[in-house]
1. Step by step: first the residues of the stretch 1-14, then only those that are surrounded by 11 or more Cβ atoms within 10 Å (Cβ to Cβ) and either at pLDDT 90 or above or among the acidic types (D, E) (or both), then the one that is farthest from F65 (Cα to Cα). Which residue is that?
2. Would you point out which residue out of S67, S34, S72, S56 is over 17 Å from Q19 (Cβ atoms), modelled with pLDDT under 75 and polar (S, T, N, Q)?
3. When the stretch 20-38 is examined, which residues are found to be without any contact (Cβ under 8 Å) to a residue 12 or more places away in the chain and loosely packed, with under 15 Cβ neighbours inside 10 Å?
Amino acid sequence: MLLSENSSDDAADSEQIEQVRQCLERAQMQAPTSCAQLHLIGQAARLVADSWPHESDIGRVVLGFASEARSSAR
């Protein structure tokens with residue numbers, strides 16, 4: 001069976017997406033605008049920034065979410 005040229009990239013993306021999802025799930029379990037929630041959202045945003053361009057769909061969603069959470073905390 002031949003693997004597509006993108007299969008290793010797809011696997012890496014899936015693993016990174018799972019890490020971001022887990023971060024955001026843990027953030028959701030924290031009190032709104034708590035330090036713990038903001039830290040986890042920031043961690044998810046860093047994972048996204050390290051892996052995907054800000055213009056990507058996941059980049060826009062997570063970085064927008066992080067920005068909104070920081071604004072709410074003020």
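1. Within the stretch 1-14, the subset surrounded by 11 or more Cβ atoms within 10 Å (Cβ to Cβ) is 10-13.
Still in the running and either at pLDDT 90 or above or among the acidic types (D, E) (or both): 10, 13.
Working: D10: 24, D13: 20 Å.
So, considering only residues that are surrounded by 11 or more Cβ atoms within 10 Å (Cβ to Cβ) and either at pLDDT 90 or above or among the acidic types (D, E) (or both), the one farthest from F65 (Cα to Cα) is D10.
2. Working: S67 fails: modelled with pLDDT under 75; S34 fails: modelled with pLDDT under 75; S56 fails: over 17 Å from Q19 (Cβ atoms).
The conditions single out S72.
3. Initial filter on the stretch 20-38 (without any contact (Cβ under 8 Å) to a residue 12 or more places away in the chain): 21-22, 25, 28-31, 34-36.
Hits for the stretch 20-38 are R21, Q22, E25, Q28, M29, A31, S34, C35, A36.
The values are calculated or read from the model by the stated rules, or taken from the named source; none is laboratory data. Owing to the predicted nature of the structure, the values given are computational and were not obtained by experimental measurement. Neighbour counts run over all protein chains shown; Cβ positions are idealised from the backbone, glycine included.
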